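Structure record follows, encoded as structure tokens.
The values are calculated or read from the model by the stated rules, or taken from the named source; none is laboratory data. Everything numeric in this text was worked out from a predicted model, so none of it was measured. Cβ placement follows ideal geometry from the backbone for every residue including glycine, while neighbour counts extend to all protein chains displayed. In case anyone asks, the SASA skips ligands and DNA or RNA and just uses the protein heavy atoms, side chains included. Shrake-Rupley method; radii C 1.70, N 1.55, O 1.52, S 1.80 Å.
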Amino acid sequence: MTKEKMSGKQRVLSGVQPSGSLTIGNYLGALRQWVEEQYRYESYFCVVDMHAITVPHDPAQLAEKTREVAALYIACGIDPDEATIFVQSHIPAHAELAWILNCVTPVGWLNRMTQFKEKAARQQQESVSTGLFDYPVLMAADILLYQAHRVPVGDDQRQHLELTRDIAQRFNHLYGQTFVIPEAMIRGTAARVMGLDDPTKKMSKSETDSQYHAVYLLDSPDLARKKIMRAKTDSGKDIRFSDDPERAGVNNLLQIFEVLSGMESREAIEAHFEGKGYGHLKSEVADLVLETLAPIQERYRKIQNEPGYLDSILARGAERAGAIAEKTLREVQKRVGFLPRQ
Ligand code: AQP
């Protein structure tokens, strides 16, 4: 009997690319939600290293970051006895299903993906890889392999989630009901944390233009505070939530404050900052971020100091995830007409 049938819970799957150091954007948009929901769902969290090679990368750093991201999942509060934590490339079925899904995905669908356009624009045209273009199909394979009902992600992944649903529906239409159609779980607040140096751009772990762009989960308290105190704001005074692009910096800080403070209403937050300046807002945001990071960093150090611990979690995760992935892949192969291996 599968774990899901035994637990009767719906499944959740999500992942992060080991393409840099995790930011508070990754934490607020994705990981925090995973932690909060992990006992409600049967959860699968992978480190998507195959996605990370879609842009130029350093192999030694990729291996190191893969371990770092997995350790941070646990340090942020994922319970490895409850959730399955694994590395994407340990499960060959991800690549195999992606190939089959490529063959049901019209190129026109991929041409519409804005993340591809943004990431391709950062590179020399001739070095943009086919893998980067195909990234959303691999992401669809990640999700559909586990028959995930829910996918907790940040707002930037909304379009890819829509595409996953379209691919699943098309496959089901062509070959018969095979895949669960997954739904995105996207928070209302801090679903898109913006860069501290430039609040018109999403905070991103692979952005390296400015050292003040992002707070990383492993930043020292001094550095994290310094980055927040230098966050770009406007020349106004009012501390209010706003959609005005001119006020994006203050709005970004307020959204971080809203999630981390747990204050129940925006009115209460605005009243709390009434008559105070931006420096005060930044200082309170920095206090909350530091309070959040301290226990994460302490747990991270413990994990690093326990030889073999992370490897054993990842080995167990690969075994659990692999069993489910293989089952789905066999079903898909049968449906498209591949001859079963005897
Ligand atoms: N700024 C953000 N605000 C809220 N959520 C965010 N996420 C990423 N940035 C923010 C969410 O984090 C999860 C992991 O993202 P990913 O590693 O798969 O790739 P990404 O979305 O492209 O994130 P990055 O940090 O910008 O990575 P790079 O720089 O490598 O492209 C996702 O759920 C994402 O929504």
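What do you reckon, is Ile239 more than 16 Å from the ligand (Cβ to nearest atom) and among the β-branched types (Val, Ile, Thr)?
When the stated conditions are applied, Ile239 passes them.
Identify, from the list Tyr73, Tyr41, the residue that is aromatic (Phe, Trp, Tyr) and in contact with a His (Cβ under 9 Å, 6 or more places away or on another chain).
After applying the criteria, what remains is Tyr41.
Filter the range 183-202 down to the residues that are in contact (Cβ under 8 Å) with a residue 24 or more places away in the chain, within 28 Å of Ala168 (Cβ to Cβ) and open to solvent by 30 Å² or more (accessible area, probe 1.4 Å), then identify the one that is farthest from the ligand (Cβ to nearest atom).
Glu183
Could you please give the count of residues in the range 238-247 that are exposed (fewer than 12 other Cβ atoms within 10 Å of the Cβ) and in contact (Cβ under 8 Å) with a residue 24 or more places away in the chain?
Looking only at that region, the number is 1.
Which residue out of Val259, Val250 is closer than 19 Å to Cys76 by Cβ and outside the structural domain of Tyr73 (by TED's automatic domain parsing)?
On inspection, the qualifying residue turns out to be Val259.
Which residues, taken from the range 50-64, are open to solvent by 20 Å² or more (accessible area, probe 1.4 Å) and in contact (Cβ under 8 Å) with a residue 40 or more places away in the chain?
Within the range 50-64, Met50, Ile53, Val55, Pro56, Leu62 meet the criteria.
Somewhere in the range 325-337, is a residue touching a residue at least 60 places away in the same chain (Cβ under 8 Å), assigned by TED's automatic domain parsing to the domain that holds Leu97 and under 24 Å from Val35 (Cβ atoms)?
Yes, that holds for at least one residue.
Collect the residues in the range 181-202 that are closer than 12 Å to Gly249 by Cα and assigned to a loop (DSSP other than H, G, I, E, B), keeping them in residue-number order. If you could, list the steps in order and put the result at the bottom.
Taking the range 181-202 as the starting set, the residues that turn out to be closer than 12 Å to Gly249 by Cα are 193-202.
Of everything in the range 181-202, those that are closer than 12 Å to Gly249 by Cα and assigned to a loop (DSSP other than H, G, I, E, B) turn out to be Val193, Gly195, Leu196, Asp197, Asp198, Pro199, Thr200, Lys201.
Confirm whether Arg158 is more than 13 Å from the ligand (Cβ to nearest atom) and part of a helix (DSSP H, G or I).
So Arg158 fails the test.
Within the group Arg112, Arg11, Arg40, which residue is within 25 Å of Ala323 (Cα to Cα), away from the ligand (no atom under 15 Å from the Cβ) and open to solvent by 50 Å² or more (accessible area, probe 1.4 Å)?
Arg40
State yes or no: is Leu293 touching a helix residue (DSSP H, G or I) at 6+ places or on another chain (Cβ under 9 Å) and outside the structural domain of Gly249 (by TED's automatic domain parsing)?
When the stated conditions are applied, Leu293 does not pass them.
Need the failing condition index for Ala95 against (1) in contact with a Gly (Cβ under 6 Å, 6 or more places away or on another chain); (2) away from the ligand (no atom under 16 Å from the Cβ), just the number.
Failed condition: (1).
Where in the range 232-342 are there helices (runs of 4 or more DSSP H), lying fully within it, with 2 or more residues that are more than 24 Å from the chain's Cα centre (by Cα)?
Passing ranges, in order: 266-272, 278-304, 309-336.
Give Ala315, Ala294, Ala321, Ala286 a once-over and let me know the one that is over 21 Å from Leu31 (Cβ atoms) and either of a type outside the set (Gly, Ala, Ser) or open to solvent by less than 70 Å² (accessible area, probe 1.4 Å) (or both).
Just a single option satisfies the conditions, and that option is Ala315.
For the range 130-146, how many residues meet the condition of being more than 14 Å from the ligand (Cβ to nearest atom) and open to solvent by less than 40 Å² (accessible area, probe 1.4 Å)?
So the count comes out to 6.
Filter the range 203-236 down to the residues that are touching a helix residue (DSSP H, G or I) at 6+ places or on another chain (Cβ under 6 Å), open to solvent by 50 Å² or more (accessible area, probe 1.4 Å) and either within 12 Å of the ligand (Cβ to nearest atom) or of a type in the set (A, V, I, L, M) (or both) and list them by number.
Met229 - this is the single residue of the range 203-236 that is touching a helix residue (DSSP H, G or I) at 6+ places or on another chain (Cβ under 6 Å), open to solvent by 50 Å² or more (accessible area, probe 1.4 Å) and either within 12 Å of the ligand (Cβ to nearest atom) or of a type in the set (A, V, I, L, M) (or both).
Within the range 161-180, which residues are of a type in the set (A, V, I, L, M), closer than 16 Å to Leu97 by Cβ and either outside any loop (DSSP other than H, G, I, E, B) or near the ligand (Cβ under 10 Å from one of its atoms) (or both)?
Selection gives Leu163, Ile167, Ala168, Leu174.
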